[in-house]
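Written below as structure tokens is the structure these notes are about.
The values are calculated or read from the model by the stated rules, or taken from the named source; none is laboratory data. The structure displayed is predicted, hence computed values, not measured ones. Heads up, the Cβs are rebuilt from the backbone with ideal geometry, glycines too, and the neighbour counts pull from every protein chain shown.
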Ligand SMILES: NC(=O)c1ccc[n+]([C@@H]2O[C@H](COP(=O)([O-])OP(=O)(O)OC[C@H]3O[C@@H](n4cnc5c(N)ncnc54)[C@H](OP(=O)(O)O)[C@@H]3O)[C@@H](O)[C@H]2O)c1
């Protein structure tokens, strides 16, 4: 657990070390309420699969605001580990929300495009019917419902295809394969929007920022102002990058980007050697939605934040990753 003691209001961030948790910690000064201390917890400090651990941590940190960046994210493993996925993704968020509600707190909770069944032909809106295809999606949907039922002021931010320079994710896997394979096969009939964990942090920072007032009042909010903003704008929002791609086109974009940035790099794989396959040709324990684009209209209208195209953040991530590799 990290974070100073004192009587200042506290913000608790779960999922320390995960993609989003690490991004929140790396740029804490961009989003945290000015008067708050932020306590980041990992599994050793607060095990979301253990109700006692959750309650003990809440009692000892006594947060006014919780950002729940932890989740059971192993989509395929969840199919055979149902109890653990439900405990972490549904029971724990509900318990956090129920702890905060009577104490005047608020919750920022993160959810997923996998709450939908993927049968749509236009981007999903927040109030479209859900229909998860697997245990992970079911557990995340149950978490959303538990948060809503608690009555706590909350944002549920549904995001998709998260990547980060530091995390384990598809982009990093493609980078590794680009230097070790000369051909690969990638699913070409699932559509979504890759979203940088840093972009999510930027969204949260902008959402928390006061929307009006003179320029000097537009920096980070106080905790009271953040709680007021959350109460006023409470609800579910679709917070992904803009645009659409498939895993196959995403892989090609990444590999082409590696060659363009470092022509003399260790690349054995050309973008043109990435073969498309239908989902049916790549069986996995969990079914995934074929189409999981999320509509941003409510998000844009409420917060005046326009998500950038996914390529911008993928390209920035490639710049960062290649910048960190010695020539
Ligand atoms: N990754 C995606 O593609 C994606 C897509 C859509 C939505 N989301 C959502 O976005 C949010 C952030 O995801 P992410 O990509 O940052 O996930 P991530 O990189 O997999 O990180 C998940 C974090 O949760 C922690 N965690 C798992 N089980 C725990 C437990 N029992 N107790 C305490 N901590 C536990 C993990 O700790 P350990 O390292 O100890 O396991 C890790 O720090 C999640 O709500 C996720 O559902 C993710």
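Overview of values
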read-out	value
Residue among 100, 133 that alone is farther than 17 Å from residue 157 by Cα, surrounded by 24 or more Cβ atoms within 10 Å (Cβ to Cβ) and more than 12 Å from the ligand (Cβ to nearest atom)	100
Flag for residue 260 being over 18 Å from the mean Cα position of the chain (by Cα), more than 20 Å from residue 166 (Cβ to Cβ) and part of a loop (DSSP other than H, G, I, E, B)	no
Selection count, the range 305-327, where residues are surrounded by fewer than 20 Cβ atoms within 10 Å (Cβ to Cβ) and within 30 Å of residue 233 (Cα to Cα)	6
Selection status of residue 278, more than 30 Å from residue 8 (Cβ to Cβ), without any contact (Cβ under 8 Å) to a residue 40 or more places away in the chain and surrounded by fewer than 16 Cβ atoms within 10 Å (Cβ to Cβ)	no
Residues of the range 293-304 satisfying the condition of being part of a loop (DSSP other than H, G, I, E, B) and surrounded by fewer than 18 Cβ atoms within 10 Å (Cβ to Cβ)	295, 304
Test: residue 199 is buried (at least 17 other Cβ atoms within 10 Å of the Cβ), touching a residue at least 24 places away in the same chain (Cβ under 8 Å) and assigned to a strand (DSSP E or B)	no
Number of positions in the range 281-292 that are touching a helix residue (DSSP H, G or I) at 6+ places or on another chain (Cβ under 9 Å), under 25 Å from residue 196 (Cβ atoms) and surrounded by 15 or more Cβ atoms within 10 Å (Cβ to Cβ)	5
Some residue of the range 211-218 being within 20 Å of residue 157 (Cα to Cα), touching a helix residue (DSSP H, G or I) at 6+ places or on another chain (Cβ under 9 Å) and at pLDDT below 95	yes
Matching option when the condition is modelled with pLDDT of 95 or more, farther than 30 Å from residue 185 by Cα and part of a helix (DSSP H, G or I), among 318, 227	227
Lone unmet requirement of (1) closer than 24 Å to residue 258 by Cα; (2) touching a strand residue (DSSP E or B) at 6+ places or on another chain (Cβ under 9 Å); (3) at pLDDT below 95 for residue 121	(1)
Per-region count, the range 143-173, residues over 24 Å from residue 297 (Cα atoms) and either in a helix (DSSP H, G or I) or within 12 Å of the ligand (Cβ to nearest atom) (or both)	12
The range 39-93: number of residues that are part of a loop (DSSP other than H, G, I, E, B), touching a helix residue (DSSP H, G or I) at 6+ places or on another chain (Cβ under 9 Å), within 14 Å of residue 17 (Cα to Cα) and more than 7 Å from the ligand (Cβ to nearest atom)	1
Residue match in the range 15-33 (condition: within 23 Å of residue 152 (Cα to Cα), more than 11 Å from the ligand (Cβ to nearest atom) and out of contact with any strand residue (DSSP E or B) (no Cβ under 6 Å at 6 or more places or on another chain))	yes
Subset of the range 103-130 (residues that are assigned to a loop (DSSP other than H, G, I, E, B), away from the ligand (no atom under 16 Å from the Cβ) and touching a helix residue (DSSP H, G or I) at 6+ places or on another chain (Cβ under 8 Å))	104, 105, 125
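Matching residues to (1) touching a strand residue (DSSP E or B) at 6+ places or on another chain (Cβ under 6 Å); (2) within 14 Å of the ligand (Cβ to nearest atom); (3) part of a loop (DSSP other than H, G, I, E, B):
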site	(1), (2), (3)
138	no, yes, no
185	yes, no, no
189	no, no, yes
206	no, no, no
